[in-house]
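Written out below as structure tokens is the structure these notes cover.
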Amino acid sequence: MFDVTLKPLSNRATTVRSFQAIDAAGDAIDLTGATIVFEARSTKGSGTALSATTSNGKVTISTTTFTVRFEVAETRALCDKEYDLGCTVLIGGDTTQLYVGKLPVVDGVVS
């Protein structure tokens, strides 16, 4: 598991981010057939602010990388602050926490 801080996203734009899945040794993880959950929340114990999964179609997989996409309608609901972030992957019956960390959101200003 890695502790990360992602680059900020604007709450006035569609967000597309790609990630390579690697293990603790730095080797790429084959994600073929995996289930990925990528979620952000405002504070501990609060509800999910953003959710992207392979099940809801907001996560797509290409062998050792995955891409997360949030539409502007989703990012507009976010405040200008830092969110808690987590990402898990389920492969072959085992769930692994890829990372936890922070997702900074900036106010995109435009209406």
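Just how large is the dipole of the range 2-105 about the Cα centre, in debye to the nearest 20, putting +1 at every Lys and Arg Cβ and -1 at every Asp and Glu Cβ?
480 debye
Could you give the length gained by full extension between Thr63 and Thr43, i.e. 0.36 nm per residue of separation minus their alpha carbon distance, to one decimal place? Could the numbers behind the result be given before it?
Numbers: separation 20, 0.36 × 20 = 7.20 nm, distance 3.23 nm.
Computed gain between Thr63 and Thr43 is 4.0 nm.
Which of Gly101, Gly33, Gly92 moves most in a GNM of the chain, Cα contacts under 10 Å?
Fluctuation is largest for Gly92.
Go through (i) 1.04; (ii) 1.06; (iii) 0.97 and flag the label whose value is the computed Rg/Rh (Cα atoms, Kirkwood Rh) for this structure.
Here the calculated entry is (iii).
Can you compute the FRET efficiency between Asp3 and Thr95 using 1/(1 + (r/R0)^6), with r the Cβ-Cβ distance and R0 = 22 Å? Round to the nearest 0.05.
For R0 = 22 Å, the calculated efficiency reads 0.75.
Through the Karplus equation 6.51 cos²θ - 1.76 cosθ + 1.60, θ set to phi - 60°, convert the phi angles of the range 81-94 into ³J(HN,Hα) values in whole Hz; use x for Gly and Pro.
Listing the rounded values in order: 5, 9, 10, 6, 9, x, 9, 10, 9, 10, 9, x, x, 10 Hz.
Enumerate the calculated ³J(HN,Hα) couplings along the range 15-20 in order (Karplus 6.51 cos²θ - 1.76 cosθ + 1.60, θ = phi - 60°), each rounded to whole Hz, writing x wherever the residue is Gly or Pro.
Each residue's phi maps through the Karplus curve to give 10, 10, 10, 10, 9, 9 Hz.
Enumerate by residue number the trypsin sites (Lys or Arg not before Pro) in the range 26-59 meeting two conditions: DSSP loop (anything except H, G, I, E, B), and at most 12 other Cβ atoms within 10 Å of the site's Cβ.
Lys44
What distance in nm separates the simple spin-label points at Arg12 and Asp107, each placed 7 Å from Cα in the Cβ direction?
Each label point is offset 7 Å from its Cα along the Cβ direction, giving 1.0 nm.
Each value in this text was obtained by applying a stated rule to the coordinates, not by laboratory testing. Not measured: the values here are computed from a predicted model. Every residue, glycine among them, receives a Cβ derived from its backbone with ideal geometry; neighbour counts consider all protein chains shown.
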